[in-house]
Amino acid sequence: MRRIYLDNNATTRVDPQVLEVMLPYYGEVFGNPSSVHGFGQEAKAALDLARQQVAALLDAEPNEIVFTSGGTESDNLAIRGIIEATPGTSKHVITSKIEHHAVLHTCQNLEKAGIRVTYLPVNREGLVDPEEIIKAIRDDTLLISIMHANNEIGTLQPVREIGQIAKERDIYFHIDAVQTAGKLPVHSSDLDVNLISISAHKFHGPKGVGALYVKKGTRLRSLAFGGAHERNRRAGTENVAQIVGLGRASELALEGMDTQGSQTTQLRNWFEKEVLNNIPDTSVNGHAELRLSNTTNIRFAGAESEGLIINLDLAGVACSTGSACSSGAIEPSHVLTELGLPPEEAFECVRFSFSKDTTQADLMEVLDLLPVMVDRQRSMSSPGNRAYSMIS
Ligand code: PLP
């Protein structure tokens with residue numbers, strides 16, 4: 001059976017050119033980059049190159065890049081690192097209700113330690129209103145953390161405007177660019193940001209490695225105690241092979257960004273139009289234009305999406321819902337419910353996310369399968385028959 005992967009916002013295939021440069025670092029090049037001898041210096045040179053490659057992707061200085069274990073750690077380090085580096089007891093953070101759990105759960109945890117957090121709502125298209133940010137700012141507001149693009153619906157936030165608001169008021173600004181870095185330009189030099197989180201596996205690099213851009217002069221406390229690695233911002237021996245992969249993936253993403261961006265936009269728009277035209281009662285979630293070029297989140301009214309994606313998977317097609325399984329119950333996506341979808345509608349949505357590996361032939365196969373599968377799911381999804389009824 002041919003397998004078709006349309007879940008690239010979850011993760012992407014490692015590019016063979018990335019894997020190739022990583023392999024020696026699992027073999028003959030094994031030095032510790034902190035060692036002064038030749039073995040160590042060889043590893044250190046690889047880290048230096050990767051740091052330059054990541055810095056180029058973010059239009060930053062190499063010493064503004066801190067390597068981490070991925071997007072989750074970068075988000076944690078950005079938020080907790082700023083809070084802990086700043087003296088005083090009264091601290092306030094502003095974020096949105098549709099952030100990734102790496103940000104939301106970090107903020108919720110900080111609340112237990114007495115940090116105040118404002119979670120801003122979004123409109124029907126998933127946009128944060130900069131005016132709401134201005135209204136939420138208080139004397140003790142220390143940090144604004146807003147995602148660049150949402151992983152489920154792809155909506156792009158007005159980060160330029162928010163950055164200006166933060167800068168004028170001397171507030172730190174963090175963007176979670178895990179879904180945008182490598183797909184569209186994320187230039188630290190153009191944006192008034194202090195911190196940017198990125199993750200290699202979202203742009204054809206390996207899993208378990210990422211980076212945090214920390215603007216020169218931004219005080220950040222390391223979360224782990226130990227050595228002085230990463231200029232005292234992240235203790236622990238660097239994961240050299242993975243970082244080498246992150247560097248090469250950054251370089252390749254930068255080289256191919258324009259071509260890949262227009263390729264995925266074209267395929268996504270065509271696929272979306274075909275679905276909307278050929279399957280009745282379908283609609284797209286998120287903003288029509290201010291959106292990641294590779295993402296479409298479609299509601300198939302009356303068809304429960306959990307069943308739909310299982311049947312698609314059995315036919316070799318991988319895509320996803322934003323539902324989460326918590327304590328044995330399936331919960332609707334917090335992103336979709338924040339857009340205003342009632343839970344039963346949020347359970348009818350499927351995310352298709354494309355990459356440079358996606359072809360028109362793949363999508364034609366999916367378009368052949370979908371109408372029949374949606375029909376079948378609709379006939380099975382009577383209200384008493386749905387998985388979400390487990391919640392109550
Ligand atoms: N932030 C966003 C917006 C994401 O989409 C993800 C992963 O899906 C993360 C953070 C976490 O990244 P990682 O998987 O590298 O920990």
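The values are calculated or read from the model by the stated rules, or taken from the named source; none is laboratory data. Here the structure is a predicted model, which is why all the values come from computation and not from measurement. Counting neighbours? That spans all protein chains shown, and the Cβs are built from the backbone with ideal geometry, glycine included. Surface accessibility is based on the protein's heavy atoms, side chains included, excluding ligands, DNA and RNA. Shrake-Rupley method; radii C 1.70, N 1.55, O 1.52, S 1.80 Å.
Per DSSP H run of at least 4 residues, take -39500 (n - 2.57); add these up for the chain, divide by its residues and hand me the 222 nm value, nearest 500 deg cm²/dmol. It would help to have the intermediate numbers written out before the result.
On the way: 12 runs with 154 residues, N = 392.
Rounded to the nearest 500, it is -12500 deg cm²/dmol.
Let's test the formula: R0 of 22 Å, r as the Cβ-Cβ distance of ARG169 and THR89. What FRET efficiency results, to the nearest 0.05?
On the way: r = 20 Å, r/R0 = 0.92.
According to the calculation, E is roughly 0.65.
Order the peptides 121-130, 57-66, 240-249, 348-357 from the highest to the lowest mean number of other Cβ atoms within 10 Å of their residues.
Working: 121-130: 17.9, 57-66: 20.9, 240-249: 27.3, 348-357: 24.5.
My ranking of the peptides, most packed first, is 240-249, 348-357, 57-66, 121-130.
Could you check the spin-label model distance between LEU19 and SER34? Points 7 Å from the Cα along Cα→Cβ, value in nm.
Roughly 3.2 nm, to one decimal.
Of ARG378, ARG80, which has the most accessible area with a 1.4 Å probe, and how do the rest follow in descending order? Could you put the intermediate results ahead of the total?
Details: ARG378 55, ARG80 75 Å².
Of ARG378, ARG80, the descending order of accessible area is ARG80, ARG378.
Find out how many positive minus negative residues lie around TYR5, taking Lys and Arg as positive, Asp and Glu as negative, among other residues whose Cβ is under 9 Å from that of TYR5.
In short, -1.
Counting only C-alpha contacts under 8 Å and six or more residues apart, can you give the relative contact order of segment 126-276 as a whole percent?
Values: 198 pairs, mean separation 24.5, N = 151.
Dividing the mean separation by the residue count of segment 126-276 yields 16 percent.
Rounded if a/c is under 1.5, else prolate if a/b beats b/c, else oblate: with a ≥ b ≥ c from the C-alpha gyration tensor eigenvalues square-rooted, which is segment 75-225?
Values: a/c = 1.43, a/b = 1.15, b/c = 1.25.
In terms of gyration-tensor shape, rounded.
To make sure I understand the rule: partners must be lysines, Cα under 16 Å from the Cα of LYS183, and not fewer than 8 residues away in the same chain. Which ones qualify?
LYS202, LYS356
Helix 71-85: angle to the longest alpha-carbon principal axis of the chain, degrees 0 to 90, nearest 10?
In the chain, helix 71-85 runs at an angle near 50 degrees to the longest axis.
Would you mind checking the tilt of helix 101-112 against the longest principal axis of the Cα atoms of the chain, expressed as 0 to 90 degrees and rounded to 10?
70 degrees
Highest mean first, how do 306-317, 81-92 rank when packing is the count of other Cβ atoms within 10 Å averaged over residues? Don't skip to the end; give the middle numbers.
On the way: 306-317: 17.6, 81-92: 15.2.
Packing order, densest peptide first, comes out as 306-317, 81-92.
When you have a sec, figure out the Kirkwood radius of the chain from all distinct Cα pair distances and drop it here in Å to one decimal? All intermediate terms of the calculation are to be shown ahead of the outcome.
Working: mean 1/r = 0.0456 Å⁻¹.
Evaluated over the chain, this radius sits at 21.9 Å.
For LYS91, give me every one of the lysines with a C-alpha distance below 23 angstrom, ignoring sequence neighbours fewer than eight places off in its own chain.
In chain and number order, the partners are LYS112, LYS135, LYS167, LYS215, LYS216.
Taking the 0 to 90 degree range and rounding to the nearest ten, how far is the long axis of helix 159-168 tilted relative to the main principal axis of the chain, both from C-alpha atoms?
Value to nearest ten degrees: 40.
TRP270 versus ASP375, label points 7 Å from Cα toward the beta carbon: distance in nm?
With each label placed 7 Å out from Cα toward Cβ, I get 2.5 nm.
Would you mind working out the accessible area per residue for the chain, using a 1.4 Å probe, and quoting it in Å²? Write down the numbers at each step before the final one.
Numbers: 16790 Å² over 392 residues.
I get 43 Å² per residue for this part.
Over the chain, what is the relative contact order in whole percent, taking alpha-carbon pairs under 8 Å and six or more residues apart?
Values: 777 pairs, mean separation 85.9, N = 392.
Dividing the mean separation by the residue count of the chain yields 22 percent.
Quick one: with all protein chains in place, what share of the accessible area of segment 16-253 is carbon or sulfur, to the nearest percent (1.4 Å probe)?
The C+S portion of the solvent-accessible surface of segment 16-253 is 50 percent.
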